[in-house]
1. Just to be sure I understand: if I project the alpha-carbon convex hull of region 207-263 onto a plane and average over all orientations, what area do I get in nm²?
2. Accessible area per residue, 1.4 Å probe, Å², for region 215-266: what's the number?
3. Taking C-beta distances below 4.7 angstrom as the pairing criterion, name the unpartnered cysteines of the chain, in sequence order.
4. How high is the relative contact order of the chain, in percent, with contacts defined as C-alpha pairs under 8 Å that are six or more residues apart?
5. Computing the accessible area with a 1.4 Å probe over protein heavy atoms, can you report the carbon and sulfur percentage for region 1-115?
6. Return the percentage of antiparallel bridges among DSSP beta bridges fully within the chain, rounded to the nearest 5 %.
7. Taking only the alpha carbons of the chain, what extent do you get along each of the three principal axes, in Å, biggest first?
8. Return the single residue from GLY66, GLY201, GLY111 with maximal mean-square fluctuation; model: Gaussian network over the chain, springs between Cα atoms under 10 Å.
Amino acid sequence: MLDRYNRKINYLRISVTDRCNLRCTYCMPEDGIAQVKHEDILTFDEITAFIKEAVSLGVNKVRITGGEPLVRKGIVDLVRMIAKISGIDDLSMTTNAVLMSQFAQPLWDAGLRRINVSLDTLDIEKFKLITRGGNINDVFKGLEEAKRVGFNPIKINCVIDKSSNEPDAIAVKEFAISNGFEVRFIPMMNLEQGIFGQVEGGEGGNCSSCNRLRLTANGYIKPCLFSDLGFNIRELGARIAIQTAIGQKPESGSQNLEGEFYNIGG
Ligand code: SF4
């Protein structure tokens, strides 16, 4: 479907949970999160029915996000269900890879072929600080197993403060290149202040050619990350919710006062 600005909307990002096994400082509030109630979380059947409707309206690219998707119980089954939907040319997942060493093979067997992994530094202490307690070796093991299994491409999402010439960014880039991974640099964003920029090495943050919709774990379709707009798919039904979201997609992002990265999926 085309929106009012003639942008072809064919990319659906699905947050399958607001939960995460890390607490990254730029994503999760210090004092914890108000978790979505279990009964408000979309079921696998609701998610797959929604995707089928979205595919019938022109979506052919689907990305699974979170929170951290690998903490959603039964995630491998969900991937298998989504991978069976005809009309999806590109199925991917964004993960922190902390659990990837145990999930890589089952996800591959379920039909997933490419992943993006969040990694902002190679420094073990800095990683612990940024993630409020994470162990970077879990991520390295996860990447190694994903590579062994055959995921390709494996892209590294590296959040930068101001520039990809920062020492951590340079180190992550060298690490990525030496492992045959691609790297994308994501400028630090702030939803409330409406601070965002274009992803270096990727497509995100370019409003003039934005092709995205986002589905939150509790069933809101959002036409833009930097907007408070969201339409409840349980109330409106998938088709009307998608058409309404595309119909009201803003020309460019402004600010998001209601959502958080962990419950929209970045
Ligand atoms: S701010 Fe909104 S319109 Fe701009 S690229 Fe992000 S999602 Fe698309």
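The values are calculated or read from the model by the stated rules, or taken from the named source; none is laboratory data. Treat the numbers as computed from the prediction; the structure is a model and nothing was measured. A quick note on method: Cβ atoms are made from the backbone with ideal geometry, for glycine too, and the neighbour counts reach across all protein chains shown. For accessibility, only protein heavy atoms count, side chains too; no ligands or nucleic acids. Shrake-Rupley method; radii C 1.70, N 1.55, O 1.52, S 1.80 Å.
1. If I average the Cα hull's projected area over directions, I get 3.7 nm².
2. On a per-residue basis, 40 Å².
3. Cys with no partner Cβ under 4.7 Å: CYS20, CYS158, CYS207, CYS210, CYS224.
4. With pairs under 8 Å counted, the relative contact order is 24 percent.
5. Values: 2490 of 5040 Å².
About 50 percent, which is the carbon plus sulfur part of the accessible surface.
6. 20
7. The principal-axis extents, from largest down, are 47, 40, 35 Å.
8. Its mean-square fluctuation being the largest, the pick is GLY201.
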